[in-house]
Amino acid sequence: MSESLLQAPPAAEAFANQPDWLREARQQAALRFDALPRPSRTDEAWRFSNLRAFDPQDFTPARPVALEVTDSLLPLSLGADSHAGSLVFANDKLVARTRSAVADQGVIWLPLEEAIEQHPELVQRYFMRSEALFGSAKHLALHQASVRTGTFLYVPKGVKVEAPLQAFHWIAGSGQSIFPHTLLIAEEGSSVTFVDWFKAHSDSRNLACGVHDLHVGQGAEVHYVSVQDWSRQTVALHSNATVVGAGGKAVHLSLHLGGSFARSESVSHLRGAGARSEMLAATVADGAQEFDQRTLQDHCSPDTSSDLLYKNALYDEAKTIFAGLIRVAPHAHRTDAYQKVRNLVLSAEAEAVSLPGLEILADQVRCSHGATTGEINAEELFYMQARGISERDAYRLITYGFLNEVIERLPENSLRVRLQEALQARLAGH
Amino acid sequence: MSTETLSQLDVDRTRGDFHYPEQHTFDAGSGLSHATVDYISNVKGEPDWIREFRHKALDVFFSKPMPTHWASEDLENIIFEKIRYYLANAQRPTRSWDEVPDDVKRTFERLGIPEQERKFLAGVEAQFDSEAVYSNMKKALGDQGVVFVGSTDGLKEHPELFKKWFGKVIPTGDNKFSALNSAVFSGGSFIYVPPGVKVKHPLQAYFRINAENFGQFERTLIIADEGSEVMYMEGCTAPKFETATLHSAVVELVALKGAKIQYVTVQNWSANVFNLVTKRAIAHEEAEVKWIDCNIGSRLTMKYPGVILKGRKARGEVLSIALANNGQHQDTGAKMIHAADETTSNIIAKSISIGKGRSSYRGLVHIPKHLKGCKNNTECDALLINSTSRTDTYPAITVRGSGNSVQHEASVSQVSAEQIFYMQQRGLSEAQAMSLSVNGFVNDLVREFPMEYSVELKRLIDLEMEDSVG
């Protein structure tokens, strides 16, 4: 990452009426970013990673897009049929929002800069409170110093939002950097589904460095879906931290489709007794794409459970890295944790790396992981071909079925359909 | 369990815990420098190429950092300046027990070595501190051309064979401790099995540390020529000293076309020993290498036996059992490097953590591109006995290209209270019930072991479980 990444507009320009604590935090972050060393391959957190993706590049903070570009983006920012509200951002600037009835339920649903103005205490309590894991301190600092907008979603105690809320983050132009942010707080007993769509206006090289944090209160239930569909030349770094309170439940599903080098880091801190987290991801990797996935299932309380399922389909010379850890702290007794990564290798050159880990320091736990890497079963192919399906279609159908198993885990039907369409579109060329 | 089977093998921790006063003729003193290397080389009367090899290795050792960015920080507690790197009475092992010095003889007799040799072994080598004191093999094997000697003799008597393979499977710079071994190695076995010869009975080596503040650095090289078969077993003990002892071996196996090597280890070092061992095999076409690795003793063991599957249809296997009790960290695992088509590998690792013990599995499975029909299966199961016990699993699996199949599974579980209750209802004590459960946990793996070892292992587990409940 180059120095030029830091030539962001002064923080005061980013947020009008920026409170002192935020100005200071951002200045500190900028200093931290300068001081921290670049990741090296001897860091366990970057093992097998292609660090050339971090060579200095001429990315500059994204400039506002032209009106006609915005006009072309809006018809493509639809999402699920039955959504309860949308925010549309282009190059880190809010360009459209739909009227939403959720405000009537007391839900705060705002772009981050408005939330800072209207609810500074709430933002201060939750904004970038997670420690940097996965050797990501440097790019988290970059994000904190450079973030300009994003989604702030606060669901009060007991409120249940039925239809999904969604945000679109577009990037347009080339050599631009954006810093999408998601901050979701679900108070005790509430429930909500939120979707982030990450999309590119054109097939050019840009940088996206996002932070997506979820705070799931006692007995609350959150579904968070992210569809990463950046251009095939984009360098993408996405960090997610989810904190789940007692009896709460978080489901985080990611669809990874775009990017030249796309790193996604995801941690679930199961903080309260009986907390549950599901971590799901489906990835299509082709060309020279590299997907670098790091996860942590952090069991810090008794009777917590987690279930991770990551599936990767690899074509051409693509590479995927999955490094996941289940960590069970002392006293987190009766933990039930599961982790499964499955790689479907569809070419002679693709490479799948799996690093599934366990660190267990408690008693009466049930933890297991499985990692498999293989190709399409010849019998399945034969079965389809015998029924008149061409080999190429059979390959694609089996691959789709393999990944769709992840999407099927989502309860919300209209959203599921949109994700399946995105997956089908992505596989269409194969 | 009959008393006869008990006495057949000795890996009992208490029986190894004794030592005799030192009477060493050769002592390289404490600390490590190029002078230490020269001392060892002079005493052994080695050719120049070995002396040079040692000096270069020492430089590599000095230049390499401790691997504490991923490994246990307990490594920092090894004080290299305080360790004695070479201690020996004589340079040549005897072929007869009668000529072995009395106190050394008593040591091995207490450990039951001569008895075992008579009963079922094809050959025995006994190493006491730095050098082998006794080495013998059944005459018939010698007539078939089988070589089983110490590494020093192997170098002197079979220089071409030795030079051809020595340091080729595990290069000096592989890791800090392989470099250390390469600089100061002494003892260990050199085995050559000629083409087509199948050694029916196992060859055994016995490693004993008697001295305090000592480092044992044996070096073993086994070459199984085309179509031959051999099984090698090693056992090890040391008395409990207040200070740390270092054991850092390098073991290289070469299985040529169609050869089979089985290498069995029952490691029962006392709980003050740092056991940092590099073990690796090369399997040529259709060859099979099987590591059976049981780690019960030591303070910290770091050992990941590996197989480089170099020839088509080669097969590698690691069966590993680790038991970590209070004050112990068993950091063990396996490496399988697939380098040819249709190679297969299998790793089954079971670990048991008791009290404050910690066991870790670390594995590497590598299938580079353009290979077809490679298969790996890995299973890691961990059993936690107490709430203070810890277990970790850190595998790394890289697969390039379609046409290969890899599966890895790991699980962590406990002995369930219901099981224990069920057995107690039927009159077993809690400790007996616990032992039975743990033995059941490892049973399917132990069945794969040579019979003598499975019996012994069960007994050891019983011993370890005695104080673990309540």
Any chance B:ALA417 is loosely packed, with under 15 Cβ neighbours inside 10 Å and within 14 Å of another protein chain (Cβ to nearest Cβ): yes
Unique residue being closer than 30 Å to B:LYS369 by Cα and touching a residue at least 12 places away in the same chain (Cβ under 8 Å) when the list is B:GLU409, B:GLU430: B:GLU409
Scope segment B:422-469; condition of a type in the set (Gly, Ala, Ser) and assigned to a helix (DSSP H, G or I); matching residues: B:ALA431, B:ALA433, B:SER435, B:SER437, B:GLY440, B:SER454
Residue within segment A:380-397 that is in a strand (DSSP E or B) and modelled with pLDDT under 95 present: no
Any hit, segment B:383-393, residues being part of a strand (DSSP E or B) and either more than 7 Å from every other protein chain (Cβ to nearest Cβ) or over 24 Å from A:ALA329 (Cβ atoms) (or both): yes
Selection from segment B:62-102 of residues that are over 26 Å from A:TRP46 (Cα atoms) and in contact with a Leu (Cβ under 8 Å, 6 or more places away or on another chain): B:ILE78, B:PHE80, B:GLU81, B:ILE83, B:TYR85
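Here's the yes/no breakdown for (1) over 18 Å from the mean Cα position of the chain (by Cα); (2) of a type outside the set (Val, Ile, Thr); (3) crowded, with 24+ Cβ neighbours inside 10 Å; (4) outside any loop (DSSP other than H, G, I, E, B):
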residue: B:GLY215; (1), (2), (3), (4): no, yes, yes, yes
residue: B:LEU221; (1), (2), (3), (4): no, yes, yes, yes
residue: B:GLU234; (1), (2), (3), (4): no, yes, no, yes
residue: B:GLU252; (1), (2), (3), (4): no, yes, no, yes
residue: B:LYS257; (1), (2), (3), (4): yes, yes, no, no
residue: B:ILE261; (1), (2), (3), (4): no, no, yes, yes
Elements of type strands (runs of 3 or more DSSP E) contained in segment A:63-141, each with 1 or more residues being without any contact (Cβ under 8 Å) to a residue 60 or more places away in the chain and surrounded by fewer than 20 Cβ atoms within 10 Å (Cβ to Cβ): A:93-97, A:108-111
Wholly within segment A:177-237, strands (runs of 3 or more DSSP E) carrying at least 3 residues that are among the aromatic types (Phe, Trp, Tyr): A:191-200
B:GLN419 vs. criteria more than 24 Å from the chain's Cα centre (by Cα) and assigned to a helix (DSSP H, G or I): yes
Among residues of segment B:201-234, those that are touching a helix residue (DSSP H, G or I) at 6+ places or on another chain (Cβ under 9 Å) and among the small types (Gly, Ala, Ser), counted: 1
Enumeration of residues in segment A:259-272 that are buried (at least 23 other Cβ atoms within 10 Å of the Cβ) and over 20 Å from A:LEU133 (Cα atoms): A:GLY259
Residue count for segment B:334-356, restricted to those that are under 19 Å from the mean Cα position of the chain (by Cα) and either in contact (Cβ under 8 Å) with a residue 60 or more places away in the chain or surrounded by fewer than 24 Cβ atoms within 10 Å (Cβ to Cβ) (or both): 5
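Per-residue answers, yes or no, for (1) within 8 Å of another protein chain (Cβ to nearest Cβ); (2) hydroxyl-bearing (Ser, Thr, Tyr):
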site	(1), (2)
A:ARG334	no, no
A:TYR338	no, yes
A:LEU344	no, no
A:ALA348	yes, no
A:GLU375	yes, no
Filter pass, B:GLY373 being more than 10 Å from chain A (Cβ to nearest Cβ), within 24 Å of the chain's Cα centre (by Cα) and in contact (Cβ under 8 Å) with a residue 12 or more places away in the chain: no
Any chance A:GLY158 is farther than 28 Å from A:ARG418 by Cα, surrounded by fewer than 21 Cβ atoms within 10 Å (Cβ to Cβ) and touching a Phe, Trp or Tyr at 6+ places or on another chain (Cβ under 6 Å): no
Residues being in a helix (DSSP H, G or I) and not hydrophobic (A, V, I, L, M, F, W, C) - total across segment B:166-202: 7
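Residue-by-condition table, conditions (1) in contact with a helix residue (DSSP H, G or I) (Cβ under 9 Å, 6 or more places away or on another chain); (2) assigned to a strand (DSSP E or B); (3) among the aromatic types (Phe, Trp, Tyr); (4) farther than 21 Å from B:ARG400 by Cα:
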{"residue": "B:ASP331", "(1), (2), (3), (4)": "no, yes, no, yes"}
{"residue": "B:SER351", "(1), (2), (3), (4)": "no, yes, no, yes"}
{"residue": "B:LYS356", "(1), (2), (3), (4)": "no, no, no, yes"}
{"residue": "B:SER360", "(1), (2), (3), (4)": "no, yes, no, yes"}
{"residue": "B:LEU364", "(1), (2), (3), (4)": "no, yes, no, no"}
{"residue": "B:LEU371", "(1), (2), (3), (4)": "no, no, no, no"}
When residues of segment A:372-430 are limited to those that are under 26 Å from A:HIS252 (Cβ atoms) and aromatic (Phe, Trp, Tyr), the one surrounded by the most Cβ atoms within 10 Å (Cβ to Cβ): A:TYR400
Unmet requirement for A:LEU253, which otherwise passes all of (1) surrounded by 24 or more Cβ atoms within 10 Å (Cβ to Cβ); (2) assigned to a strand (DSSP E or B): (1)
Members of segment B:433-454 that are farther than 19 Å from B:ALA322 by Cβ and either at pLDDT below 85 or under 21 Å from the mean Cα position of the chain (by Cα) (or both): B:MET451, B:GLU452
Single condition A:THR320 does not satisfy, out of (1) in contact with a Lys or Arg (Cβ under 8 Å, 6 or more places away or on another chain); (2) among the polar types (S, T, N, Q); (3) assigned to a strand (DSSP E or B): (1)
Criterion (in contact with a Leu (Cβ under 6 Å, 6 or more places away or on another chain) and modelled with pLDDT of 95 or more) met by exactly one of A:LEU344, A:LEU280: A:LEU280
A:HIS181, sole failed condition from (1) free of Cβ contacts under 8 Å to residues at least 40 places away in the same chain; (2) within 30 Å of A:PRO37 (Cα to Cα): (1)
Condition check for B:THR5: surrounded by fewer than 19 Cβ atoms within 10 Å (Cβ to Cβ), modelled with pLDDT under 95 and farther than 30 Å from B:LYS163 by Cα: yes
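For (1) of a type in the set (Val, Ile, Thr); (2) more than 30 Å from B:ILE352 (Cβ to Cβ); (3) more than 14 Å from every other protein chain (Cβ to nearest Cβ); (4) under 26 Å from the mean Cα position of the chain (by Cα), each residue gets a yes or a no:
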residue	(1), (2), (3), (4)
A:ASP363	no, no, no, no
A:ALA371	no, no, no, yes
A:ALA378	no, yes, no, no
A:TYR383	no, yes, yes, no
A:ASP393	no, yes, yes, no
A:THR399	yes, yes, no, yes
A:ILE407	yes, yes, yes, yes
A:LEU410	no, yes, yes, yes
A:ASN413	no, yes, yes, yes
Test result for B:LYS198, in the same structural domain as B:ASP27 (by TED's automatic domain parsing) and touching a residue at least 60 places away in the same chain (Cβ under 8 Å): no
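The values are calculated or read from the model by the stated rules, or taken from the named source; none is laboratory data. The shown structure was predicted, so the numbers you read here are calculated from the model rather than taken from an experiment. Heads up, the Cβs are rebuilt from the backbone with ideal geometry, glycines too, and the neighbour counts pull from every protein chain shown.
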